[in-house]
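Here's the structure we're looking at; comments come further down.
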Amino acid sequence: MKSTTTIYQVFIHLTIVVLAAEVYILSAQNRKLKNPEPFVVDTLKVGDNFSFSEIEPVKQSDRLDSSRAMVIVVFTTICPYCHENLAVWGKVAEVIEPEGTPMVGISLSSMETTRQYVDENSIKFAVFVARDSKSFGKKNHVATVPQTLFISSHGMVARIWRGKMSGEKASEVVVAISENYQLH
């Protein structure tokens, strides 16, 4: 009987030691969660260079001349504000494209999902997909969607409009483009 009691006591002691170690580990992890490393989002700023190297067209007929000034809209297919912006973006494209400034969409969603989205929503402007949305976002400092960007002919960000597009913001886009052409 004594050996059974001894085995039982050893088992209880080992269990207590293991539980104490787990409590120590969990409390250390909890401290890290309470005091996380600061997360700094490097957001896109006016004057930043914009890279077109990691995108591909949804339609083979879509071309991109990165040496021209353009308006870029960065979106995802699941973002409700992006979806609401489609109508405004379409109207902006109707105004600026006949004047020679292309409107280009860059989707951070998959190619297949974007293709379906473009078809379902009858998007008329050229749409491209980031091959790797995380890499594209990091390279171009794009941390949020939707974003409407005016990119100069030198590939630099000239203006940024974040979030939901209003009629007022759409007018600002058109004015920014006309001011750019008056300067040149």
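The values are calculated or read from the model by the stated rules, or taken from the named source; none is laboratory data. It should be emphasised that the depicted structure is a prediction, and the values quoted were computed from it without experimental measurement. Using ideal geometry, Cβ is built from the backbone for each residue, glycine included, and neighbour counts are taken over all protein chains shown.
Table for the structure above
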{"item": "Residues satisfying the stated conditions in the stretch 104-123, i.e. closer than 22 Å to A69 by Cα and either at pLDDT below 95 or of a type in the set (S, T, N, Q) (or both)", "result": "S107"}
{"item": "Candidate set from the stretch 109-140 (those that are among the charged types (D, E, K, R) and under 16 Å from the mean Cα position of the chain (by Cα)); member that is surrounded by the fewest Cβ atoms within 10 Å (Cβ to Cβ)", "result": "K134"}
{"item": "Unique match (being without any contact (Cβ under 8 Å) to a residue 60 or more places away in the chain and within 21 Å of the chain's Cα centre (by Cα)) among P98, P80", "result": "P80"}
{"item": "Answer residue from the stretch 144-184, given it is more than 14 Å from C82 (Cα to Cα) and among the aromatic types (F, W, Y) and is surrounded by the fewest Cβ atoms within 10 Å (Cβ to Cβ) among those", "result": "Y181"}
{"item": "Selection count where residues are of a type outside the set (V, I, T), at pLDDT 95 or above and within 17 Å of K139 (Cα to Cα), scope the stretch 52-80", "result": "2"}
{"item": "Pair list, Cβ under 9 Å, 6 or more apart: the stretch 14-36 residue at pLDDT 85 or above and surrounded by 10 or more Cβ atoms within 10 Å (Cβ to Cβ), other residue assigned to a loop (DSSP other than H, G, I, E, B) and among the hydrophobic types (A, V, I, L, M, F, W, C)", "result": "none"}
{"item": "Restricting the stretch 96-108 to residues that are touching a strand residue (DSSP E or B) at 6+ places or on another chain (Cβ under 8 Å) and in a helix (DSSP H, G or I), the residue that is surrounded by the fewest Cβ atoms within 10 Å (Cβ to Cβ)", "result": "E97"}
{"item": "Search result, residues across the stretch 50-61 that are farther than 24 Å from N180 by Cα and of a type in the set (S, T, N, Q)", "result": "S53, Q60, S61"}
{"item": "Residue count for the stretch 62-95, restricted to those that are assigned to a helix (DSSP H, G or I) and over 17 Å from A176 (Cβ atoms)", "result": "8"}
